[in-house]
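A.B. asks: Provided herewith is a single structure, encoded as structure tokens, for subsequent inquiry.
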Amino acid sequence: MASLADHLSTGLVIVDPELTVLAWNRWMTEHARLAPEEAIGRSLESLFPDLPVATLQRRVKAALQLRSPSYVHPRRGYLFPVPLDRITESNFVHMQQRIRILPYQDEEHRAIIVIDDVTATREAEARAATAARASERYLELLDSNVMTLAVNANADDGRVIRASSALLESTGWGATAIAGQSLQALGLGPLDALTEAADGTLPERPLRRADGEALWVRVRQARGLIEDEVGAERHLVIQDISLQKKIQTLSERDTLTGAYNRMKFDQLLQAAISAHARYGQRFSIALCDIDHFKRVNDEHGHLAGDAVLRQFAALLQAQTRASDALARWGGEEFVLLLPMTSVQAATTAAEKLRRAIVNDHWPVIDQLSASFGVAARTPGESADALLDRADHALYQAKESGRNRVCTAEGPDA
């Protein structure tokens, strides 16, 4: 986790409710000019005497108590004084920051302070207030440095009128080709949905590049950025967050198969247990193990085994619902989380998958089968107990000859 945090283009500080620093990533070291050993163990107030300590403590405690994000909107535009070291002119002396406070996983007494550098966006907005009426120089600067879209707000699907040079360069679109495209076709969704949430979060969308690949972006509807002579025209400012998304994917996905990893599945399972306990939303799980997988590696090599695992995960993903979650449990074993699914429906779904595996074409090995163990969570049952029942059912399927689905009995039985 620490190595991932050090590669983020975002500041991360982990603190306790008294604002004592517990962790400090490389971004903070580079921008605040304090090494981790200088910061960890000290209070933020001692490191930054001008910090609004009372406000920050309230936000941290709110995030920890509610287990949901909290936001700080510094009056000066920044929380941590990071001088801007630039050759070009700037409207600001210090880096402008967006501050989010997140509860740290399952730790009740730790919070993550996330610092985003929004200087470029704030500079663009500030300059626009005075220069937009007749500033050709500003418009050229905006066009070449900030990804923007001008769209027709009167069109039901928000048709693109024009795009900035920066956006065209980042996405590979031509000015003529992107004009007339709907926001829906570009992956951004309806214009009405691209609004800042009450908590200050901005919508994140997969903007479709000209080559069909997705560029993950954060979208803001610009207000005061450009004075529209035509009232039907709206402007979107777009921030590339593809690196953050890639790091997020690496932290929660199995690199070989693309399925969720075990840590992510544990989080999803706990969320499903909470929803079941609180709202009665039942769910089932299905453990799946490839039959005689060792033979594949022994007879055809590990590269062939890896290819089988990738194809196997892709088949399971294609044959399940978008709401289902697939994770690699270990080796050749996978697990499915099936929300709003009874044990009977989960057994039927597992049987469908079993048949699909048998009937699929498998290069090199020709044929493959898998065994399944299915269990539905009962009230009060822990994650470990549920997984243990599903594992026992999988063991029964293996002992009964493999290539079959077995359903776990209830805990009482």
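The values are calculated or read from the model by the stated rules, or taken from the named source; none is laboratory data. These figures come from a predicted structure and were not determined experimentally. Positions of Cβ are generated from backbone atoms using ideal geometry, with glycine treated the same way; all protein chains shown enter the neighbour counts. When the accessible area is computed, the model is the full protein with side chains, heavy atoms only, and any ligands, DNA or RNA have been set aside. Shrake-Rupley method; radii C 1.70, N 1.55, O 1.52, S 1.80 Å.
A.B. asks: Quick check on segment 258-274. Is at least one of its residues in contact (Cβ under 8 Å) with a residue 60 or more places away in the chain, part of a loop (DSSP other than H, G, I, E, B) and either surrounded by 19 or more Cβ atoms within 10 Å (Cβ to Cβ) or among the polar types (S, T, N, Q) (or both)?
C.D. replies: Looking for residues that are in contact (Cβ under 8 Å) with a residue 60 or more places away in the chain, part of a loop (DSSP other than H, G, I, E, B) and either surrounded by 19 or more Cβ atoms within 10 Å (Cβ to Cβ) or among the polar types (S, T, N, Q) (or both), one finds at least one in segment 258-274, hence yes.
A.B. asks: How many of the residues in segment 347-386 are aliphatic (A, V, I, L, M), on the phi < 0 side of the Ramachandran plot and open to solvent by 20 Å² or more (accessible area, probe 1.4 Å)?
C.D. replies: Of the residues in segment 347-386, 6 are aliphatic (A, V, I, L, M), on the phi < 0 side of the Ramachandran plot and open to solvent by 20 Å² or more (accessible area, probe 1.4 Å).
A.B. asks: Do we have Q57 as open to solvent by 70 Å² or more (accessible area, probe 1.4 Å) and out of contact with any Gly (no Cβ under 9 Å at 6 or more places or on another chain) here?
C.D. replies: Criteria not met by Q57.
A.B. asks: Scanning for something farther than 30 Å from S164 by Cβ, in contact (Cβ under 8 Å) with a residue 60 or more places away in the chain and of a type in the set (S, T, N, Q), does segment 308-317 turn up at least one residue?
C.D. replies: Looking through segment 308-317, none of the residues is farther than 30 Å from S164 by Cβ, in contact (Cβ under 8 Å) with a residue 60 or more places away in the chain and of a type in the set (S, T, N, Q).
A.B. asks: Does segment 7-41 hold any residues that are surrounded by fewer than 18 Cβ atoms within 10 Å (Cβ to Cβ), β-branched (V, I, T) and assigned to a loop (DSSP other than H, G, I, E, B), and which are they?
C.D. replies: Hit for segment 7-41 is I40, nothing else.
Okay, residues lined up against (1) of a type outside the set (K, R); (2) in contact with a Gly (Cβ under 6 Å, 6 or more places away or on another chain); (3) in a strand (DSSP E or B); (4) touching a residue at least 60 places away in the same chain (Cβ under 8 Å):
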| residue | (1), (2), (3), (4) |
| --- | --- |
| A277 | yes, no, no, yes |
| A304 | yes, no, no, yes |
| R321 | no, no, no, no |
| L353 | yes, no, no, yes |
| A356 | yes, no, no, no |
| A375 | yes, no, yes, yes |
| P379 | yes, no, no, yes |
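A.B. asks: Need the failing condition index for A193 against (1) within 14 Å of V219 (Cα to Cα); (2) in contact (Cβ under 8 Å) with a residue 12 or more places away in the chain; (3) touching a Pro at 6+ places or on another chain (Cβ under 8 Å), just the number.
C.D. replies: With respect to (1) within 14 Å of V219 (Cα to Cα); (2) in contact (Cβ under 8 Å) with a residue 12 or more places away in the chain; (3) touching a Pro at 6+ places or on another chain (Cβ under 8 Å), A193 is out only on (2).
A.B. asks: Restricting to segment 272-281, name every residue that is modelled with pLDDT under 95 and under 21 Å from F334 (Cα atoms).
C.D. replies: Listed by number, the list is empty, since nothing qualifies.
A.B. asks: Considering only segment 179-202, state which residues are exposed (fewer than 12 other Cβ atoms within 10 Å of the Cβ) and modelled with pLDDT of 90 or more.
C.D. replies: Of everything in segment 179-202, nothing turns out to be exposed (fewer than 12 other Cβ atoms within 10 Å of the Cβ) and modelled with pLDDT of 90 or more.
A.B. asks: Quick check on segment 59-95: of everything there that is assigned to a loop (DSSP other than H, G, I, E, B) and hydrophobic (A, V, I, L, M, F, W, C), which residue is farthest from E107 (Cα to Cα)?
C.D. replies: Among those residues, the one meeting the criterion is I87.
A.B. asks: I would also like to ask the following. Out of all the residues in segment 72-88, is one or more open to solvent by 40 Å² or more (accessible area, probe 1.4 Å) and more than 26 Å from I241 (Cα to Cα)?
C.D. replies: No, segment 72-88 has no match at all.
A.B. asks: Moving on. Let me confirm something: among L202, L236, L243, which residue is aliphatic (A, V, I, L, M) and either in a loop (DSSP other than H, G, I, E, B) or free of Cβ contacts under 8 Å to residues at least 12 places away in the same chain (or both)?
C.D. replies: Going through L202, L236, L243 in turn, the sole match is L202.
A.B. asks: Can you tell me which of (1) among the hydrophobic types (A, V, I, L, M, F, W, C); (2) modelled with pLDDT of 95 or more; (3) open to solvent by 20 Å² or more (accessible area, probe 1.4 Å) is the one L303 doesn't meet?
C.D. replies: (2)
A.B. asks: Could you please let me know if L337 is touching a residue at least 24 places away in the same chain (Cβ under 8 Å), assigned to a helix (DSSP H, G or I) and not acidic (D, E)?
C.D. replies: When the stated conditions are applied, L337 does not pass them.
A.B. asks: For segment 205-219, how many residues are part of a strand (DSSP E or B) and over 16 Å from T148 (Cα atoms)? Even if it seems obvious, please write down each step before you answer.
C.D. replies: Residues of segment 205-219 part of a strand (DSSP E or B): 205-208, 214-219.
Cutting the leftovers down to over 16 Å from T148 (Cα atoms) gives us 214.
Total meeting the criteria: 1.
A.B. asks: Keeping to segment 150-192, report how many residues are part of a helix (DSSP H, G or I), of a type in the set (S, T, N, Q) and more than 22 Å from the chain's Cα centre (by Cα).
C.D. replies: If we filter segment 150-192 for residues that are part of a helix (DSSP H, G or I), which is where we start, we get 165-171, 175-178, 191-192.
Of the ones still in play, those that are also of a type in the set (S, T, N, Q) are 165, 170-171, 176.
If we keep only those that are more than 22 Å from the chain's Cα centre (by Cα) as well, we get 165, 176.
Here the count works out to 2.
A.B. asks: Here is a check on your reading of the model: is D324 charged (D, E, K, R) and open to solvent by 40 Å² or more (accessible area, probe 1.4 Å)?
C.D. replies: No, not satisfied.
A.B. asks: Quick one: M147 ticks every box in (1) at pLDDT 85 or above; (2) over 23 Å from Q96 (Cα atoms) except a single one, so which number is it?
C.D. replies: For M147, the exception is condition (2).
A.B. asks: Across segment 401-412, what is the number of residues that are part of a loop (DSSP other than H, G, I, E, B) and either aromatic (F, W, Y) or open to solvent by less than 60 Å² (accessible area, probe 1.4 Å) (or both)? Working first, answer last.
C.D. replies: In the first step, residues of segment 401-412 are kept if they are part of a loop (DSSP other than H, G, I, E, B); the result is 401-404, 408-412.
From what's left, either aromatic (F, W, Y) or open to solvent by less than 60 Å² (accessible area, probe 1.4 Å) (or both): 401, 403, 408, 410.
Selection size over segment 401-412: 4.
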